[in-house]
Amino acid sequence: MDSISYYLQTALNGLLAGCIYALFAMGLTLIYGVLNFVNFAHGELIMWGAYFLFLFMGDPFGLPLYAALLPALALTGCLGVAMDFSVFRPLRRANRLTLLIAAMGLSVFLRNAAQFFWGAEVRTYGLEITAGMRFLGLSLTAPQIAIIAVTILCVTAVYLLFFRSRLGKSMRALSDNLDLARISGIDTKRAILAAWVISAVLAAVGGILLALDTNLSPEMGVINLIKAFAATLIGGVGNLWGALLGGLLIGLAENLGVLFVSPGYKDAIAFVIMVIILLARPYVITGERSD
Amino acid sequence: MDLLLHLAIVIAIYAVFALSLNVEIGYTGLFNFGHVAFFAIGAYTSALLTLAGAPFGLGLAAGLAAAGLCGYLLSIPALKLQGDYFGIATLGFGEILRMVVNNEVWLTKGPMGLPGIPRPELFGLHFDTLPAYLALSVGMALATFAVLAFIVLSPFGRALKAVRDDETAAEILGKNAFRFKIKSFVIGSVFAGLAGVLWAHYATFISPGDFTLTETILVLLIVVMGGKGTFHGPVVGAVVLIFFQESVRFLRLPPEWTRLLGPLQQMVFGLLLVVFMVFRPEGIVREKGGRRGD
């Protein structure tokens, strides 16, 4: 492979990773927008989404990939709602530290529950490796084509939902001002519920795509939470399109960055970008939202 | 008997670790989720120096200094973040530090870890037996308790609480909140480094696997369950939780159970964090004058 197509391939891989980070970041930023807190357990929605698919594809269900997707996404949506009902709703008016520690505890619980059931080892869905597509000297496997297609699908769906539907409008109203939304007669409970379902499903879709392309392990949530967070910071917290853009940038930076630093530090790149942004724009997230 | 001594030593070390986190979380309201990084910096600095032949006193001093310096360098960008974001930034730092320890094999031996860390010798005293090490770690814990109590009761400590309770009001009264937070973070980091030094010379073997998010969660749970923002809370929490964690380790269980025991114990820890936050956010020991839910 000549060097130009090597760089192009690296950039393409970065874009693919970026699509997945964007899905994570959009879910994270959505909950921040509506409820004004960082869901530290968002990484666990990513991880459980991937494991739910693993569950339905293995014994005793043995469903094929396409059939297992629906129950896996539905269950992750339920998990998101269950998180809200059991932990975050009782703490809706609690102070931020309390909320944050509770979310952290929830994340520890869910991560270790997965390890309890499936063990700590790295797993795959055991699908046959299919021949990829090749064009212009670049290669693209079937899961990678799925990443691009599904991300475009999800982003379109989110756009339609948020900017073309009444439910989306009420969610945006909530994100602007919860109390004002409530006294304007918006069904805030319904909007919050919808936000959790969407956030969890986006997390699950991203987690499943990531697991299809690479593998799944109980640790996959934490590391991706940090990347999703870096992506939301780049785009401005609470801003959906910013999260999309931020995710793509993080993915690109990580993969192109490996050309310059040891691959052992690949996961550190997102963090370094985050620190640079903070130093350059220190007050990027003091509460004013750009949307 | 050895088991009891072991328990007491680990409790003393974790009491230091928890007291250091309490300065940040309890008294200043900084959500540090990467506290284990400073524990690791202290442990590795002292271990590397003493393995290279330096005396324990130098290792100890360098461990504290390195942890404090790293805390200072991290706090400048990170403290520009508000609450939750500071939490994630510190979480990220903890993960990255572990990556550094894993990758810089020339210095840290990477995942192989550092074996044979010497037991300390200070002012001609050898702390090479369990009772002697217990005396050392309890002495250090008492010193930590005293120093931190002194700091917290001083005007500086009251300013920290003022920053925690209402940053704007503190600013209006002429307190530079950012600087107070940096100082609090550095103090917390230094004492976390001390706990790390004590741990390294007790365990005599350290590897990156000792410094994961799990440790941060444990120490966070100790502070939160014990009672953040109180003197005794972290100590109470350390006694209860370390007793629970270490005694489970000594139960004679069939090997197929022990594989499940680790995650199960972590599940209990996670659940405890949630349950305490929902039902008793102030912890076992309640802060005097603190409002419920704070």
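The values are calculated or read from the model by the stated rules, or taken from the named source; none is laboratory data. The shown structure was predicted, so the numbers you read here are calculated from the model rather than taken from an experiment. A quick note on method: Cβ atoms are made from the backbone with ideal geometry, for glycine too, and the neighbour counts reach across all protein chains shown.
If you take the residues in the stretch A:259-272 that are closer than 19 Å to A:ILE234 by Cβ and among the β-branched types (Val, Ile, Thr), which one is farthest from the other protein chains (Cβ to nearest Cβ)? Looking at the filtered set, the residue picked out is A:ILE269. Would you confirm whether or not the stretch B:251-274 contains a residue that is under 18 Å from B:LEU5 (Cα atoms), more than 20 Å from the chain's Cα centre (by Cα) and not polar (S, T, N, Q)? There is at least one residue in the stretch B:251-274 that is under 18 Å from B:LEU5 (Cα atoms), more than 20 Å from the chain's Cα centre (by Cα) and not polar (S, T, N, Q). A count restricted to the stretch A:80-114 and to residues that are touching a Pro at 6+ places or on another chain (Cβ under 8 Å), surrounded by fewer than 22 Cβ atoms within 10 Å (Cβ to Cβ) and either basic (Lys, Arg) or under 22 Å from A:VAL201 (Cα atoms) (or both) stands at 1.
Scanning for something farther than 16 Å from B:LEU220 by Cβ, at the interface with another protein chain (Cβ under 8 Å from one of its Cβ atoms) and modelled with pLDDT under 75, does the stretch B:283-293 turn up at least one residue? Yes, because at least one residue in the stretch B:283-293 is farther than 16 Å from B:LEU220 by Cβ, at the interface with another protein chain (Cβ under 8 Å from one of its Cβ atoms) and modelled with pLDDT under 75. Do we find that A:GLY236 is farther than 26 Å from B:LEU213 by Cβ, over 13 Å from the mean Cα position of the chain (by Cα), within 14 Å of chain B (Cβ to nearest Cβ) and not hydrophobic (A, V, I, L, M, F, W, C) in this structure? Answer is yes for this residue. A single entry from B:VAL239, B:VAL223 fulfils the requirement of being surrounded by fewer than 22 Cβ atoms within 10 Å (Cβ to Cβ) and not small (Gly, Ala, Ser): B:VAL239.
Let's see how each residue does on (1) more than 15 Å from the chain's Cα centre (by Cα); (2) of a type in the set (Lys, Arg); (3) within 27 Å of B:THR168 (Cβ to Cβ):
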| position | (1), (2), (3) |
| --- | --- |
| B:LEU3 | yes, no, no |
| B:ALA8 | yes, no, no |
| B:ALA12 | no, no, no |
| B:PHE17 | no, no, no |
| B:SER20 | no, no, no |
| B:LEU30 | no, no, yes |
| B:GLY34 | no, no, yes |
| B:GLY53 | yes, no, no |
| B:GLY94 | no, no, no |
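Each row is one residue, and each column tells you yes or no for (1) at pLDDT below 90; (2) more than 30 Å from A:LEU99 (Cβ to Cβ); (3) not hydrophobic (A, V, I, L, M, F, W, C).
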| residue | (1), (2), (3) |
| --- | --- |
| B:THR50 | no, yes, yes |
| B:GLY59 | no, yes, yes |
| B:ALA66 | no, yes, no |
| B:GLY71 | no, no, yes |
| B:GLY83 | yes, no, yes |
| B:GLU95 | yes, no, yes |
| B:MET99 | yes, no, no |
| B:TRP106 | yes, yes, no |
| B:MET112 | yes, yes, no |
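On the stretch given as the stretch B:243-257, residues that are exposed (fewer than 10 other Cβ atoms within 10 Å of the Cβ), in a helix (DSSP H, G or I) and among the charged types (D, E, K, R) total 1.
Each residue in the stretch A:227-267 was checked for being within 20 Å of A:GLU44 (Cα to Cα) and either of a type in the set (S, T, N, Q) or free of Cβ contacts under 8 Å to residues at least 12 places away in the same chain (or both), and 1 pass. The single condition among (1) surrounded by 18 or more Cβ atoms within 10 Å (Cβ to Cβ); (2) in contact (Cβ under 8 Å) with a residue 60 or more places away in the chain; (3) not in a loop (DSSP other than H, G, I, E, B) that B:GLU287 does not meet is (3).
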